[in-house]
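Step one of this worksheet: look at the structure below.
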Amino acid sequence: MDAVIDKLLRGIFERAKEVNEQDFIKKQTDTNTKQYQQQLTKAKAEYGKAVRELSKWEDLMLDSIEGNCVFTPEQIKRRMDTTQQKIDELAGQIAMLQEQIAEASALADEVLKQHQRLLSWADLYDTAAPEEKRMIAAYIVKAVTLSRGYEIQVEFNISETQYLNGMDLS
């Protein structure tokens, strides 16, 4: 079992060394960030449009009070309330999207730290004593399960599954 884990870790370390960190982080964040950014841009545009619409209704309210408008003040007030509600909803949506973008950025930072830690372990692993190798393996490998037919399942403590997935153990 130790030989299999050793081979697995060496494979992980080799793959980790091949990864371009900038590309890796870019792939981590691009998909989510692009979606959030598109949604944010759309929400901000709708928000601006709703604010302009509310301003127009406010101007019409003055005209209605003075008797220079076809709409009654009650009709305008209902429309203003509806528009204000839409503005409030959009403001909440904008705040949520900005938070999601910040979370995606924080996640990218955490993944970068994990990748750099993995690279430092890779440098140490080759020259490490057997006890140190076991300690490094314990940080990376959460659990190893041996099932019927001698199939091995490994659960990792690291989240860099993008380049760990599909790793051949043979």
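The values are calculated or read from the model by the stated rules, or taken from the named source; none is laboratory data. From a predicted model like this one, the values you see are computed outputs, not experimental measurements. Using ideal geometry, Cβ is built from the backbone for each residue, glycine included, and neighbour counts are taken over all protein chains shown. Accessible surface is based on the protein model in full, side chains and every heavy atom, while ligands, DNA and RNA are left aside. Shrake-Rupley method; radii C 1.70, N 1.55, O 1.52, S 1.80 Å.
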Name the single residue that is farthest from Val154 (Cα to Cα) among those in the stretch 97-140 being without any contact (Cβ under 8 Å) to a residue 40 or more places away in the chain, in a helix (DSSP H, G or I) and among the hydroxyl-bearing types (Ser, Thr, Tyr).
Ser120
Give the residue, chosen from Lys34, Lys113, Lys133, that is within 30 Å of Asp6 (Cβ to Cβ) and exposed (fewer than 12 other Cβ atoms within 10 Å of the Cβ).
Lys113
Unmet criterion (only one of (1) modelled with pLDDT under 80; (2) over 23 Å from Glu18 (Cβ atoms)) for Gly166
(2)
Looking only at the stretch 145-159, count how many residues are open to solvent by less than 80 Å² (accessible area, probe 1.4 Å), without any contact (Cβ under 8 Å) to a residue 24 or more places away in the chain and over 22 Å from the mean Cα position of the chain (by Cα).
3
Answer residue from the stretch 48-79, given it is open to solvent by less than 50 Å² (accessible area, probe 1.4 Å) and of a type in the set (A, V, I, L, M) and is nearest to Leu90 (Cα to Cα) among those:
Ala50
Give me the pairs: first residue in the stretch 53-80 and in contact (Cβ under 8 Å) with a residue 24 or more places away in the chain and assigned to a helix (DSSP H, G or I), second residue aromatic (Phe, Trp, Tyr) and open to solvent by less than 80 Å² (accessible area, probe 1.4 Å), beta-carbon distance under 8 Å, and six or more apart or on different chains, which are they?
Met80/Trp57
Here the residues within the stretch 88-102 that are touching a helix residue (DSSP H, G or I) at 6+ places or on another chain (Cβ under 8 Å) and surrounded by fewer than 16 Cβ atoms within 10 Å (Cβ to Cβ) are Ala91, Gln98
